[in-house]
Amino acid sequence: MNFAPRYLGRGSWLAQRDPRVLVLAVVCFVFAAIQVWDVRLMLVLLALAFAWYRSARIPFREVRRLWLFAIVFISLLVFGNGIIASGRVQRLPDGWEQHIYLYLPLLGSPISAENVTFAITQFLRFMSMIAIGMPLAFAIDPEVLGVTFARLGVPSRFAFAIDLTWRFIPSFAADFRTTLDAQRVRGMDFAPRSRGPVARLRRQVPVIVPTVVNAIAGAEDTIDAMDLRGFGTGPRTWLRELRLDRTDRAVLAGFVLLLVGATVAGFATSSSYLWIPPFMIPG
Amino acid sequence: MTSMSMSRGSLWSIDSRVIVYSAIGAALYGVLVGLFKIPIPGTTAVDVRPAFALVPFFGYAFGPIVGFFTGLVGNMIGDQISGWGALTSYNWSLANGVVGLLAGLAPLYLRSMMDKSLAQKALAGAIAGSIATVIGFLIVFYDMIKDQMDFNAVLTTEYVPVVVGDLIATIILVPVLVYAWEPVKERLGR
């Protein structure tokens, strides 16, 4: 796995946006999506999310494994919830009767038009959230992460910590590989021999502990450098400044409207209730 | 200064040391959390995540702010690296953050153990981490509102598996990390 922050969306329309737009768009979209349970509106949100994702021009071959993981994980989550809920379906309109197709053998969980629709809506919702969120990792220049969060109102020290975190990742990943190789050279065998989780956990100790302790001990240089430069003694300036252009403002306004619209619709319409497609209801 | 030697007032101070340790904790957790997963035999979805022990350890060793940042930002980074998205399950990141925060508050409720021998400090780390894990992950029940999941589904497929796996990692690895870190800390003169 490649841990180095990869700017895969470099040069794309999305990468040209002010990075604050990307962060705020995800926030607005996620809070809008969690209020919508009508599968027709969810399909609209999914289309919007994939249009957004596509504008980042992230090469699919680079993120194929991430998509595979996401789809498998969502499927398990949705399926597990459907089975364990044993026919209880949330967000049904008042007084709605379920239309049961069959009962699962052994488990006895009912499969109905309603819980299938619920599962599909839940699946689409997770997919849309992932599509809208993935460009955060690949279409924001890692150089501007700190200033992005600072200009979003995060206290500058913590914005700096976020920036520092992102910069530490590649070097810690390299340290981890070095430690792993060093332990292998010393004869450590990390192949699982025992099925016991405790024994297998103890086998990871010779890799995890040196990586962590070396990272902490090596922090002294960074701390000294920051102290010598007077970190935290006054307002901080950033190397890059951010400016919202006309397109950024329009996009941002669109996402804010989406959030407001979803919230208002949740109270005024049936968008926050499941909509069961008529063709799924047995005659 | 570390949490293991902090006064109550200094638990909340923010200096360059807190910022750097926060960044280190979050980066390490974000990198390692997806690498190691040890399935528990006989279960379908219960994994021990060794890297999770970093959250209570960083909280316990360096204070609640470092612990909270390590859990919150580290989990978001891990989710983003894995493709899940930093904000898709924001309540889980918050839960991780609260675990680090509660472990960092150990001087308020385990002071007597933390002033004693290294063995007692290591034991206190495991206890603080365990308490923090059990309480902090209660936040995942917000999935009942966010994703309209069933209570039993959250309990049996999310809360219990995660807490069991993370407790195993915490009880074993936090004392080991405390044992490894204390001599280094002394050598560094802190």
With respect to A:Asp245, is the statement that it is open to solvent by 40 Å² or more (accessible area, probe 1.4 Å), modelled with pLDDT of 85 or more and under 29 Å from B:Tyr21 (Cα atoms) true? no
Just for helices (runs of 4 or more DSSP H) wholly inside the stretch A:140-246: which have at least 3 residues that are within 9 Å of chain B (Cβ to nearest Cβ) and out of contact with any Asp or Glu (no Cβ under 8 Å at 6 or more places or on another chain)? A:156-185, A:197-217, A:219-228
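Condition check ((1) touching a Gly at 6+ places or on another chain (Cβ under 8 Å); (2) assigned to a helix (DSSP H, G or I); (3) within 12 Å of chain A (Cβ to nearest Cβ)) across all residues:
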residue: B:Phe69; (1), (2), (3): yes, yes, yes
residue: B:Gly74; (1), (2), (3): yes, yes, yes
residue: B:Gly78; (1), (2), (3): yes, yes, yes
residue: B:Ile81; (1), (2), (3): yes, yes, yes
residue: B:Ala86; (1), (2), (3): yes, no, yes
residue: B:Asn91; (1), (2), (3): no, yes, yes
residue: B:Asn96; (1), (2), (3): yes, yes, no
residue: B:Ala103; (1), (2), (3): yes, yes, no
residue: B:Ser112; (1), (2), (3): no, yes, no
Regarding the stretch A:189-207, can at least one residue be identified that is assigned by TED's automatic domain parsing to the domain that holds A:Leu41, within 30 Å of A:Ile83 (Cα to Cα) and out of contact with any Pro (no Cβ under 6 Å at 6 or more places or on another chain)? no
Taking only the stretch A:22-46 into account, find how many residues are buried (at least 22 other Cβ atoms within 10 Å of the Cβ) and closer than 23 Å to A:Asp245 by Cβ. 4
Taking the conditions exactly as written (among the small types (Gly, Ala, Ser) and closer than 17 Å to B:Val174 by Cα), does B:Ala95 satisfy them or not? no
Among the residues of the stretch B:24-35, are any more than 9 Å from chain A (Cβ to nearest Cβ), within 19 Å of B:Ile172 (Cβ to Cβ), modelled with pLDDT under 90 and outside any helix (DSSP H, G or I)? yes
In the stretch A:47-63, residues that are within 14 Å of chain B (Cβ to nearest Cβ) and surrounded by 15 or more Cβ atoms within 10 Å (Cβ to Cβ) total 6
Given the conditions (1) farther than 30 Å from A:Phe31 by Cβ; (2) of a type in the set (Val, Ile, Thr); (3) facing another protein chain (nearest Cβ under 9 Å), report the number of the one that B:Val154 does not fulfil. (1)
It is to be established whether one or more residues within the stretch A:163-177 are open to solvent by 30 Å² or more (accessible area, probe 1.4 Å) and either in contact (Cβ under 8 Å) with a residue 60 or more places away in the chain or touching a Lys or Arg at 6+ places or on another chain (Cβ under 8 Å) (or both). yes
Taking the condition of being in contact (Cβ under 8 Å) with a residue 40 or more places away in the chain and on the phi > 0 side of the Ramachandran plot, how many residues in the stretch A:50-93 meet it? 2
What is the residue count in the stretch A:64-81 for residues that are open to solvent by less than 50 Å² (accessible area, probe 1.4 Å) and either facing another protein chain (nearest Cβ under 7 Å) or in contact with a strand residue (DSSP E or B) (Cβ under 8 Å, 6 or more places away or on another chain) (or both)? 5
Only residues that are under 20 Å from B:Ala180 (Cβ atoms) and open to solvent by 90 Å² or more (accessible area, probe 1.4 Å): list them for the stretch A:188-220, please. A:Arg202, A:Asn214
Within the stretch B:117-190, which helices (runs of 4 or more DSSP H) (wholly inside it) include 3 or more residues that are open to solvent by less than 60 Å² (accessible area, probe 1.4 Å)? B:118-136, B:160-188
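Please find, among A:Thr233, A:Thr237, A:Thr263, the residue that is in contact (Cβ under 8 Å) with a residue 24 or more places away in the chain and not hydrophobic (A, V, I, L, M, F, W, C). Before the answer, list the steps.
Details: A:Thr233 fails: in contact (Cβ under 8 Å) with a residue 24 or more places away in the chain; A:Thr237 fails: in contact (Cβ under 8 Å) with a residue 24 or more places away in the chain.
Going through A:Thr233, A:Thr237, A:Thr263 in turn, the sole match is A:Thr263.
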Tell me which residues, restricted to the stretch A:123-156, are basic (Lys, Arg) and crowded, with 22+ Cβ neighbours inside 10 Å. A:Arg125
Is it true that some residue in the stretch A:92-111 is buried (at least 19 other Cβ atoms within 10 Å of the Cβ), more than 19 Å from A:Met280 (Cα to Cα) and within 14 Å of another protein chain (Cβ to nearest Cβ)? no
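The values are calculated or read from the model by the stated rules, or taken from the named source; none is laboratory data. Computed from a prediction, not measured in an experiment: that's the story for all the values here. As a convention, Cβ positions derive from the backbone with ideal geometry for all residues, glycine included, and neighbour counts pool all protein chains shown. Protein only, heavy atoms only, side chains kept; ligands, DNA and RNA dropped before computing areas. Shrake-Rupley method; radii C 1.70, N 1.55, O 1.52, S 1.80 Å.
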